[in-house]
Amino acid sequence: MNLTNNVIIHKVGENMEYLQFKRLLEYQDTISHAYTLRNNRINFGPQLTPKECLNNYQALCHDLNLDVNNIVRPHQQHTATVKNILKKETNTLEYNPNYLEQTDGLLTNQPNIILSTTNADCILFLLFDPTHKVIANIHSGWRGTLQEIILNTVKRMQKTYQSNPKDIICCICPSIRKCHFEVDKDVKDLFYNKFNYLPNINRIIEKKGNKYHIDTILLNKTLLLNLGLKEENIIDSNICSVCHSNQINSYRKDKENYKLSTAIISLK
């Protein structure tokens, strides 16, 4: 099934299939980006050896004409930490615990650094400020959303690079959606107690039977709009990883057999 819609393009490369955002392709002379689709042979999961992981990144970079040696990958642990990358200091494909530890977001204004994050239901955000030539790549599971990592990112772009939120483009990769993000009262209470001030909280959190469904996409969009991003600059892929688990990696669907997709973005 081709996943192309009004905001994304489904591409088939020599080595793998991936999605690209039409809005970011308007700047393809300035940036490269991609979000990889499910593949039984090529993935970016924790079960891989460093060599296997490197080989898979090489395959993706080959398709996008990028240098795999420039990949920077954080040690994602559902934090709200965003780090500014000015140079690639070590091989981050080996889950080096001493580099980018407890980090779930990356940003840079340096060319040829490839920011990479992975997911299997969590939200991945790709951000680009075309005025100041700044990019960011953010991993936000429900814990990261609760800690407002996306706001930390935009504020870091403002402070470090003088980005204006009105200029920032934010693209939302495939992830679990409200239809399948079902939680118990304890998690619901965490979100409600933190975000009950939002006027649309009853749309974000909805009770169904004995469970609660949380729209983390709408929540993050609302936070971004409140910070000053333009609605037309927040581009959602509109793809649920669980609904499309035959093509998108999903932890909720695959459990212990889950694999990971990767999102990458780089300034040329």
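The values are calculated or read from the model by the stated rules, or taken from the named source; none is laboratory data. Small disclaimer: the values here were computed from a predicted structure and weren't measured. Glycine also receives a Cβ, built like all others from the backbone with ideal geometry; neighbour counts cover every protein chain displayed. With ligands, DNA and RNA removed, areas are computed over all heavy atoms of the protein, side chains included. Shrake-Rupley method; radii C 1.70, N 1.55, O 1.52, S 1.80 Å.
Structure summary
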read-out: Between the stretch 43-62 and the stretch 193-250, the Cα center-to-center distance that results, in Å; value: 30
read-out: Accessible-area composition of the chain, carbon plus sulfur, in percent [1.4 Å probe]; value: 44
read-out: In sequence order, calculated HN-Hα J values of the stretch 125-132 (Karplus, 6.51, -1.76, 1.60; Hz; x Gly/Pro); value: 10, 10, 10, 8, 9, x, 6, 9
read-out: Taking the convex hull of Cα positions in the stretch 127-268, its mean projected area over all directions (nm²); value: 9.5
read-out: Sites Tyr161 and His75 - FRET efficiency at Förster radius 22 Å, r taken between beta-carbons, to 0.05; value: 0.40
read-out: Phi-based couplings in Hz for the stretch 103-108 (Karplus 6.51, -1.76, 1.60; Gly and Pro marked x); value: 10, 10, x, 10, 9, 6
read-out: Net charge of Cβ neighbours under 12 Å - reference His213; Lys, Arg +1; Asp, Glu -1; value: +3
read-out: Cysteines without a disulfide-compatible partner [the chain; Cβ-Cβ under 4.7 Å]; value: Cys53, Cys61, Cys122, Cys170, Cys171, Cys173, Cys179
read-out: Placed amide H near Lys88: partners under 5 Å, 5+ positions off or other chain; value: none
read-out: Relative contact order, percent, the stretch 91-208 [alpha-carbon distance under 8 Å, six or more residues apart]; value: 24
read-out: From phi via Karplus (6.51, -1.76, 1.60), per-residue ³J(HN,Hα) for the stretch 113-120 in Hz, x at Gly/Pro; value: 9, 9, 7, 10, 9, 10, 7, 8
read-out: Positive minus negative residues near Tyr251 (Lys, Arg vs Asp, Glu; Cβ under 15 Å); value: +3
read-out: Total formal charge among the other residues, if their Cβ is under 10 angstrom from that of Cys171, Lys/Arg +1 and Asp/Glu -1; value: +1
read-out: Amide H partners (placed H, <5 Å) of Ile71, local residues excluded; value: Ile114
read-out: Cross-link reach list, lysines versus Lys11, counting only Cα pairs under 22 Å and skipping chain neighbours closer than eight places; value: Lys22, Lys259, Lys268
read-out: Of (i) 30, 18, 17; (ii) 27, 22, 18; (iii) 32, 26, 16, the label for semi-axes √(5λ) of the Cα gyration tensor in Å derived from the coordinates; value: (ii)
read-out: Given charges at Cβ of Lys, Arg, Asp, Glu: the stretch 1-159 dipole, positive-most of Asn137, Ile149, Ala59; value: Ile149
read-out: When each of Lys88/Lys194; Lys185/Lys253; Lys155/Lys207; Lys51/Lys221; Lys87/Lys194 is checked by Cα-Cα distance, pairs over 27 Å; value: Lys88/Lys194; Lys155/Lys207; Lys51/Lys221; Lys87/Lys194
